[in-house]
Amino acid sequence: MSEQAADTGEVVLRLSGVVKTFPGVRALDGVELEVRAGEVHCLLGQNGAGKSTLIKVLAGVHRPDAGDVQWLGERVEFSGPQAAMKAGIATIYQELDLVDYLSVAENIYLGHEPRSLGFVHKGQAARQAGELLGRLGHGEIPAQRLVKSLPAAGKQIVSMARALSHSAKLIIMDEPSAVLAHDEVGNLFRIIRELTAQGIAVVYISHRLEEIREIGDRVTVLKDGRTSAVNLPARSTPTRDLVSRMTGRSIEYVFPPRPDTAPGETLLEVRGLGRSGEFTGVDVDVRAGEIVGIAGLVGSGRSELLETIFGARQAEAGTVVMNGKALPPGSVAAAVRAGIGMAPEERKSQALLLGQPIYRNMTLTNFSSYASAGFTNAGKEQAAAMRVADQLELRPRDVNRAVRTLSGGNQQKVVVGRWLLGDTRLLILDEPTRGVDVGARAELYQVIRDLAANGVGVLLVSSEVPEVLGLADRVLVMREGRVVREAPAAEINEEDVLDLVMAGSLTAATTEEVAA
Amino acid sequence: MSVSSEEKVEAPGGHPPHTAPAVAKTSWWKDEAQEPMRRNLGLVGVLLALFAIGAFIRPDLYSNPDWVINNIMVILTQAAAIGVVTVGMTFVIIGGGIDLSVGALIALSGVWATTLATQSFGPVGMIFTAVAVGVGAGLVNGVLIAYGKLVPFIATLAMLVAARGLAAQISGKQTQISADQFINSLATTRIVGIPLLVIILLAVAGLGWVLLNRTTFGRRTVAIGGNAEAARLAGINVRGHTMLLYALSGLCCGIAAIMLTSLATSSQAAAAELYELDAIAAAIIGGTLLSGGRGTIIGSLFGVIVFSAITNLFAIANLPTEVQNMVKGAIIVVAVLLQQVRFSSVTQFARRHGLTRAKPQT
Ligand SMILES: Nc1ncnc2c1ncn2[C@@H]1O[C@H](COP(=O)(O)OP(=O)(O)OP(=O)(O)O)[C@@H](O)[C@H]1O
Ligand SMILES: [Mg+2]
C-alpha cells in the first residue's frame, strides 16, 4: 500500500471496450474507465445505465463477454469475487449482501476470519470489528449483535466495515449513501478522505450530484451501457453538462409547485402512538390532498413509526384513525382495506418478489381486483402495470421481466408504482427515491404531487432534507422517537431542520449560534 | 438444456438495452417460463429411457402393444394416490412450507373411514369421513404453523408421529377390511379403458393446475413462498393462507386414503409409509423450489410418474427393492444438482454466446 501512496496519481485500473450481455439485454456495450490511485472516481448514469453491472465485472461477480481489464498494469480476468478481493479490490454492493443470522463481526470477516490452525479467533474478530466500526464513527454497534436486528443504515455501515477489513487498493461503493442520513454521509466522506490520503482509489456511485461535487475528483458518465464521457472534473463540470450526458436531454431538477387550494378533510389521525424503545407520544394528521414529510436521523424512529401506522408493527400505545374509523393495531390487512398503502424502506426484503415478473409485483396488493370469481386476469394486470411503467419511466419497459433483472433504481420504481394502482387513499412512502436517478426522480415527485391533487394523502420519510422540504406541504421533525417540531414546509429551512435533528440539545444549538 | 432454443431466444438481444420493449419481451421472462417446460421435457426423456431399458431387458413383453398399454395403466394406477398427495405437497412447498405428515394422515383417514361404525354409513359416509379427517388434521397443522409459530418441519413431524399413533389406537393395530362394494370397486373401474383412479389423479392435478396458475389463491401461494414479508406488507393475509395450504394438503391425503383403501380393500395404521418422502422428492425433481416461491403441478406429476415407472421396471426385471431405492436416491441427487447448475449455466452460456456475437457486431 505504501508504494501506492508514494505514486499518487498512477493509473491502477484501466478498462476498455468492456461488454456484458444478459439474455435480451446488452448491459455494457463498450465501456472505458480509468482510475488513479488516491482519487475518488465517480460513476454517473441513469437507472439501468450499467453502473452496477460494471462494478460487478470489476468485483469478479460477472465475467465480461469482451474487453480488457487492466489492474495494476496487468491484464486480469477474475475467476470470482474472492479472486478480486485477493487482488485488492473490495466492493460495497448496492443491494446489501449480508448474512442475516450471523453477527456483525462474523459478517465483516466472512471468508477471511482471523484464524490459526483452522480455528477462528472469535475474540480477535470481534475486537477488530469493533475498531473498524469505531473508525466509521459507529462504535456503538455491538460486534456480537445479529445483523438481522440492525436497521438498513446499520447494515450499510457493516457493509462498509467489511470492505475496509480487506486492506484493499481499490474500494468500490455502489450507492453507499442511499440509505444514509445527512450526518452519516459526512462520516462516510471523512472515511473516504482517509482512504484516498493513503493512496487507495475509490470508485463512487451516487445519484446525488451534490455528493459528487463534494467528494469526487473525476467523473465517468455511462449512458445505455456506453461511456458517454470520461474523466470530467467532478467539481467544475456544470450540472447541465452532466445531466445531459447522462440522459441525452436537460432536466430541470425542481419540485412541482404546491397548489393554492387548502387540503381537504382529515384522512389519518394518529394520537399518542408509541412503542417502547422506538417512539413515544406521536401525533400525526394527514389530510386529503396533503403531503406530510417527516425528517429525522436514521434511528429517530421514523421508519418504525410508519410501519406502526401501517400495522406492520403492533402499536403499544395510542390510536390510528383512518377516515374516522379506528384501525386495529398490528393488522396490515385492515390498513390496506381502509385504503392505506406503504412503500417500505428495504425493497429487497420487504417489498419485492424478485423471481416474479414486474407486473405481478406491481399488482401484488390488488391482483384480486382484476380477478373475476377468484380467477386472475393476467392481461388486465399487464395493461395496468404497463401504464405505471410508462408513468415512472421504467426501463426496460417490459412488465413480463423478472424483477431480479432490473437495476436498483428501477426496482424502487416498481415498489412505489405498486401503490399507484388501485384506490389508495393514504400513501406512506419510506425513502421513495432511494437509488432513483435525477430524471426519474423529478418524474416521481410530479406523480406524488398529482396523486395529492387527486385527493390522496401522502406521508413521506426521506433522509434527504431538501426532498422533504421541497415536496411536502407540512413537515414533522423527529428526534429520538419524538416529534420535536411541526411546521408548514414553507416556514422552515434546511438549517433549522438539521439543527433540530442533530444532537439538537439546547446547548448544541446555542454554541452553534455563538459560532455563527 | 436445449442449446438451439436458447440461441433463438437470445438472437434479438443484440440490440442495445434501451430499444423497444418487444425485444425484451421475447427473451428473459419467457425464458424463465420455458425453463420448467424444458425440465419437464427432461423428465419425459427419463421416461423414454426407462421404456427403452425395459424393452431391452424384456423384449418379449415390450413387443406386445396390449401389454405395453396395460403396463402404462399399471404405472399410472400406482402413481395415482401418491400423485394426489404430491399435488397438495406442491402447494405447501411453493408456499414456503413442508408437510411431513402426509403418509400418516392417509393412514389415519383410511383407518377412520374403515371402522365398522363408519362403514355402517355406506360409501358416502366413508368418503366424507376420510376427507374430513384429512382436512381436520391438515387444519391442525396449519394452525400450529401459522398461528402457533411452529416451524413447519417440527409441527408436521409431530403430526406424523401423533397421527400414526392415533391410527394404531383406532384400528387396534389390525388390518381393517373394507366391506363396501362401492369403495372396493373404485380401483377396478375403468372408464373408456382408463382406470378410475388415474382419472381421479388427472382431475386433481388439473384442478391443482388451475388453482395454482389461474386463481388468486395460487397467486397468494406463490407470493407468500417468494417473500412472506413482502406479501404481508402488501396486505395479503399470510397466516390465514398458510393455514389453508396445510388444509389443502390434508384434503389431498383424505382423497388418497380412499384410493388406497379401494386398491387394498382394506386400511391399516402402517399404510402409506414414507409417502411424505416420495411426495417431496417427486415435487423437487419436478422443479419445485424447496425454499418456496416456485414450482409447477405438471412437473410434480411427471416426478411421481417417473418414480412409479422405476418401481414398475424393477418389478419387471425382478430386481430387489434395495437397488431400486439406490437408483431413486441417485435420481433425486441429480435432479437437485440440475437445479443448482441452472442459473450459472445459463449465464455462462449467454457469455459464450455473447462473445461469439460481439465480434461480428462491433
Ligand atoms: N441478472 C440480470 N439479468 C438480466 N438483466 C440484467 C441483470 N442485471 C442487470 N440487468 C440489466 O442490465 C442493465 C443495467 O443494470 P445495472 O444494474 O447495471 O444498472 P445501474 O446503472 O446500476 O442502475 P441503478 O442506478 O438503477 O442502480 C439494466 O437494463 C438491467 O435491467
Ligand atoms: Mg445500480
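No lab work stands behind these numbers, since they all come straight from the coordinates. The structure displayed is predicted, hence computed values, not measured ones. Using ideal geometry, Cβ is built from the backbone for each residue, glycine included, and neighbour counts are taken over all protein chains shown.
In this simple spin-label model, placing a label point 7 Å from the Cα along the Cα-to-Cβ direction at both A:L110 and A:E131 gives a separation of 2.3 nm. Label-to-label distance, B:F153 versus A:S16, with points set 7 angstrom from Cα along the beta-carbon direction: 5.4 nm.
Entry for the range A:96-167 at q = 0.15, 0.17, 0.22, 0.25 Å⁻¹: log10 I(q)/I(0) = -0.40, -0.52, -0.88, -1.13, Debye formula applied to identical alpha-carbon scatterers, no solvent contribution. Packing here is the average count of other Cβ atoms within 10 Å per residue, and on that basis the peptides A:323-336, B:294-307, A:468-481, highest first, run B:294-307, A:468-481, A:323-336. Distance between the C-alpha centers of the range B:60-96 and the range B:120-160? Whole Å please. Between the Cα centres of the range B:60-96 and the range B:120-160 lies a distance of 25 Å.
In order along the range B:272-286, the Karplus-derived 3J(HN,Hα) couplings, from 6.51 cos²θ - 1.76 cosθ + 1.60 at θ = phi - 60°, round to 6, 5, 6, 4, 4, 5, 4, 5, 5, 4, 4, 4, 5, 5, x Hz, and Gly and Pro are given as x. Pairs from the list A:K148/A:K169; A:K325/B:K149; A:K169/A:K348; A:K155/B:K149; A:K148/B:K149 with a Cα-Cα gap above 23 Å: A:K148/A:K169; A:K325/B:K149; A:K169/A:K348; A:K155/B:K149.
What percent antiparallel are the DSSP beta bridges of the protein assembly as shown, to the nearest 5?
Here the antiparallel bridges make up roughly 60 percent for the protein assembly as shown.
Ignore the peptide's own chain and count Cβ atoms of other chains within 10 Å of each Cβ in A:335-344; give me the average, rounded.
2
Bridging of B:K328 to aspartates and glutamates at a Cα separation below 12 Å is possible for B:D278, once same-chain residues fewer than 8 apart are set aside. With R₀ set to 60 Å, the beta-carbon distance separating B:Q169 from A:S236 gives a calculated FRET efficiency near 0.10.
Counting Cβ atoms of other protein chains within 10 Å of each Cβ in A:119-126 and taking the mean gives 0. For A:V254 and A:R213, a Förster radius of 25 Å and the Cβ-Cβ distance give a FRET efficiency of 0.85, rounded to the nearest 0.05. How large is log10 I(q)/I(0) at q = 0.17, 0.19, 0.28 Å⁻¹ when the Debye formula is applied to the Cα atoms of the range B:291-338, each weighted equally and without solvent? For the range B:291-338, the Cα-only Debye profile gives -0.58, -0.69, -1.08. With viscosity 1.306 mPa s and temperature 10 °C, the Kirkwood radius over alpha carbon pairs of the range A:266-511 converts through Stokes-Einstein to a diffusion coefficient of 86 µm²/s. Extension gain for the segment A:E480 to A:R337, taken as residue separation times 0.36 nm less the Cα-Cα distance, is 48.4 nm to one decimal.
Each peptide in A:369-379, A:185-195 gets a packing score, the mean of other Cβ atoms within 10 Å over its residues, and the list from highest to lowest is A:185-195, A:369-379. Extension gain, B:Q181-B:A203: 0.36 nm per intervening residue step, less the Cα-Cα distance, totals 5.6 nm.
With the Cα gyration tensor of the range A:27-80 giving a ≥ b ≥ c as the square roots of its eigenvalues, does the rule (a/c under 1.5 for rounded; else a/b larger than b/c for prolate; else oblate) give rounded, prolate or oblate?
oblate
Taking a straight Cα-Cα cut-off under 15 Å and skipping sequence neighbours fewer than 8 places away in the same chain, the aspartates and glutamates within cross-link reach of A:K122 are A:E106, A:E113, A:E131.
Two numbers describe the Cα atoms of the range A:231-300: Rg and Dmax, which are 20.4, 53 Å. Rounded to the nearest 20 debye, the dipole magnitude of the protein assembly as shown is 2160 debye, with +1 charges on Lys and Arg beta carbons, -1 on Asp and Glu beta carbons, and the Cα centre as origin. Projected over all directions and averaged, the alpha-carbon convex hull of the protein assembly as shown occupies 42.5 nm².
Computed packing ranks the peptides A:159-168, B:64-73, A:97-106, A:25-34 as A:25-34, A:159-168, A:97-106, B:64-73, most packed first, by mean other Cβ atoms within 10 Å. Per residue, the convex hull spanned by the Cα atoms of chain A amounts to 168 cubic angstrom. Counting Cβ atoms of other protein chains within 10 Å of each Cβ in A:24-35 and taking the mean gives 4.
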